[in-house]
Amino acid sequence: MYTQSFDNAPPVAAKADDANPEFEARIARDESIEPNDDMPDAYRKTLIRQISQHAHSEVVGMLPEGGWITRAPSLKRKEILLAKVQDEGGHGLYLYAAAETLGVTRDALIDALHSGKAKYSSIFNYPTETWADIGTIGWLVDGAAIMNQVPLCRCSYGPYARAMIRVCKEESFHQRQGFDLLRTLCTGTPEQKAMAQDSVNRWWWPSLMMFGPHDSDSVHTNAMAWGIKRISNDDLRQKFVDATVPQAQFLGLTLPDPDLKWNAERGHYDFGAINWDEFWRVVNGGGVCNQERMHDRIKAFEDGRWVREAAAAHAAKQAKRAIDSSMKVAA
Ligand code: FAQ
């Protein structure tokens with residue numbers, strides 16, 4: 001649904017103070033950079049930051065929806081939601097694995113999340129109040145995620161780009177199931193339609209914030225220069241608005257923005273001002289659910305410790321057995 005966010009624009013030139021002519025030439029030729037290739041430290045750091053924050057977002061993103069698995073209104077919806085939440089966990093794993101190819105350990109990444117040093121997407125600090133929120137998250141949150149992630153399939157770093165291909169296929173299913181859930185509510189009783197509208201009223205603006213600050217306030221500009229990000233925060237946000245308005249019209253839902261209107265001259269929808277104070281408050285830990293999310297995430301990590309230790313002990317036993325039997329054959 002969102003493949004129009006692929007674009008073939010080559011990366012813009014990197015800043016002179018990051019110069020590494022051979023590397024820059026490879027980037028300009030749009031070559032894929034692989035784990036053992038020479039790369040500037042700043043490129044490596046930018047990737048570790050973005051990929052790990054992305055991984056954290058996928059894993060923390062399981063929490064707002066996970067709480068609804070036991071409350072899904074039918075077996076079919078429960079199966080779909082279970083599969084979706086499990087997919088998000090899988091996305092986290094591919095992304096942590098992609099970050100590890102840059103020489104950082106999984107433990108260090110998880111520690112950065114748990115200690116509050118690393119960020120995760122602001123959107124997951126909002127509460128899921130009603131069943132309609134599950135539909136709205138699929139439609140708007142996964143929709144925004146796909147818009148942002150389809151261009152990442154062409155990211156200059158090979159392992160990130162390859163991980164994104166599968167992630168985007170799965171996110172596309174997530175977006176459609178959300179739209180289908182909302183369509184069911186919108187064609188149901190007046191109470192169901194009202195629940196859908198209330199949910200969209202609460203999630204619309206936070207979804208627009210997912211794309212990050214205005215380009216003028218975006219600090220990681222080298223990510224564009226190095227072909228990590230292919231499209232800027234504001235351009236992606238505009239693409240998302242343009243794609244989503246007709247879908248809202250199809251559902252018969254209003255988007256909570258009195259300034260939202262088609263601008264024929266620009267060929268885009270104009271939309272109102274984003275509340276950046278709210279955005280930064282949530283990013284910096286002041287959202288309704290920040291504390292709860294971190295508490296739940298750390299608890300899940302600690303509760304799973306024995307499983308990781310058992311798996312490691314089993315792997316060590318198997319490795320020892322393999323060595324012992326190869327020594328027997330040699331003797
Ligand atoms: N939330 O200079 P920029 C999903 C931070 S996955 C929190 O513009 P950048 C799947 C930013 O980190 C959703 N922090 O940064 C799912 C930086 O701080 P730092 C996640 C934000 O990196 C669906 C500072 O502000 N997707 O939803 C946010 O160039 C449903 C300055 O910003 C990705 O991570 C924010 N919204 O651009 C799961 C995609 N925005 O690090 C479950 C990959 C900005 O210096 C259910 N990431 N910040 O301390 C990206 O494309 C980019 O990292 C951006 C931000 C576009 C998010």
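Test each condition in (1) closer than 17 Å to Ala161 by Cβ; (2) of a type in the set (S, T, N, Q); (3) surrounded by fewer than 21 Cβ atoms within 10 Å (Cβ to Cβ) for Thr105 and report the one that comes out false.
The single condition Thr105 does not satisfy is (1).
Pairs, please: C-beta under 7 Å, at least 6 apart or cross-chain, first residue on the phi < 0 side of the Ramachandran plot and in the stretch 45-63, second among the acidic types (Asp, Glu) and more than 6 Å from the ligand (Cβ to nearest atom)?
Taking only residues 6 or more apart or on different chains, the pairs are Leu63/Asp296.
Looking at Glu58, Glu100, Glu65, which is the one that is in contact with a helix residue (DSSP H, G or I) (Cβ under 8 Å, 6 or more places away or on another chain), under 15 Å from Val167 (Cβ atoms) and of a type outside the set (A, V, I, L, M)?
Testing whether each residue is in contact with a helix residue (DSSP H, G or I) (Cβ under 8 Å, 6 or more places away or on another chain), under 15 Å from Val167 (Cβ atoms) and of a type outside the set (A, V, I, L, M) leaves just Glu58.
Can you give me the number of residues within the stretch 142-166 that are under 12 Å from the mean Cα position of the chain (by Cα) and either modelled with pLDDT under 95 or within 8 Å of the ligand (Cβ to nearest atom) (or both)?
The qualifying residues number 6.
Scan Val307, Val288 and give me the residue that is under 33 Å from the mean Cα position of the chain (by Cα), surrounded by fewer than 12 Cβ atoms within 10 Å (Cβ to Cβ) and touching a residue at least 60 places away in the same chain (Cβ under 8 Å).
So the residue among Val307, Val288 that is under 33 Å from the mean Cα position of the chain (by Cα), surrounded by fewer than 12 Cβ atoms within 10 Å (Cβ to Cβ) and touching a residue at least 60 places away in the same chain (Cβ under 8 Å) is Val288.
Scan the stretch 204-217 and tell me whether some residue there is away from the ligand (no atom under 11 Å from the Cβ) and either farther than 23 Å from Gln291 by Cα or over 15 Å from the mean Cα position of the chain (by Cα) (or both).
First, pick out the residues of the stretch 204-217 that are away from the ligand (no atom under 11 Å from the Cβ): 204-205.
Checking which are either farther than 23 Å from Gln291 by Cα or over 15 Å from the mean Cα position of the chain (by Cα) (or both) leaves us with 204-205.
Yes; the residues of the stretch 204-217 include at least one that is away from the ligand (no atom under 11 Å from the Cβ) and either farther than 23 Å from Gln291 by Cα or over 15 Å from the mean Cα position of the chain (by Cα) (or both).
Does Val282 qualify as being surrounded by 15 or more Cβ atoms within 10 Å (Cβ to Cβ), closer than 22 Å to Ile137 by Cβ and in contact with a Ser or Thr (Cβ under 6 Å, 6 or more places away or on another chain)? If you could, list the steps in order and put the result at the bottom.
Details: surrounded by 15 or more Cβ atoms within 10 Å (Cβ to Cβ): yes; closer than 22 Å to Ile137 by Cβ: yes; in contact with a Ser or Thr (Cβ under 6 Å, 6 or more places away or on another chain): yes.
Criteria met by Val282.
Identify, please: which residue in the stretch 223-237 is more than 9 Å from the ligand (Cβ to nearest atom) and touching a Lys or Arg at 6+ places or on another chain (Cβ under 7 Å) and is, among those, nearest to Tyr269 (Cα to Cα)? Walk me through it before giving the result.
Initial filter on the stretch 223-237 (more than 9 Å from the ligand (Cβ to nearest atom)): 225-227, 230-231, 234-235, 237.
Now restrict to residues that are touching a Lys or Arg at 6+ places or on another chain (Cβ under 7 Å): 225, 230.
Details: Ala225: 28, Arg230: 22 Å.
Going through the qualifying residues, I end up with Arg230.
Any residue that is more than 15 Å from the chain's Cα centre (by Cα), closer than 28 Å to Met39 by Cβ and of a type in the set (D, E, K, R) - is there at least one of those in the stretch 62-79? Spell out the reasoning first.
At the first step, the residues of the stretch 62-79 found to be more than 15 Å from the chain's Cα centre (by Cα) are 66-79.
Filter again for closer than 28 Å to Met39 by Cβ, leaving none.
So far as the stretch 62-79 goes, no, none of its residues is more than 15 Å from the chain's Cα centre (by Cα), closer than 28 Å to Met39 by Cβ and of a type in the set (D, E, K, R).
Residues checked against (1) crowded, with 23+ Cβ neighbours inside 10 Å; (2) in contact (Cβ under 8 Å) with a residue 40 or more places away in the chain; (3) closer than 28 Å to Ile80 by Cα; (4) in contact with a strand residue (DSSP E or B) (Cβ under 9 Å, 6 or more places away or on another chain):
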position	(1), (2), (3), (4)
Arg183	no, yes, yes, no
Glu191	no, no, yes, no
His220	no, yes, no, no
Trp226	yes, yes, no, yes
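Out of (1) surrounded by fewer than 20 Cβ atoms within 10 Å (Cβ to Cβ); (2) modelled with pLDDT under 95; (3) within 15 Å of the ligand (Cβ to nearest atom), what's the single condition that is false for Ala14?
(1)
List pairs: first residue in the stretch 166-179 and more than 13 Å from Ala145 (Cβ to Cβ), second residue modelled with pLDDT of 95 or more and crowded, with 18+ Cβ neighbours inside 10 Å anywhere in the structure, Cβ distance under 6 angstrom, at least six positions apart or on different chains.
Gln177/Ile80; Gln177/Gly138; Phe179/Trp139
The values are calculated or read from the model by the stated rules, or taken from the named source; none is laboratory data. What you are looking at is a predicted structure, and each value in this text was computed from that prediction instead of being measured. Here the Cβ is made from the backbone with ideal geometry for all residues, glycine too, and neighbour counts use every protein chain on show.
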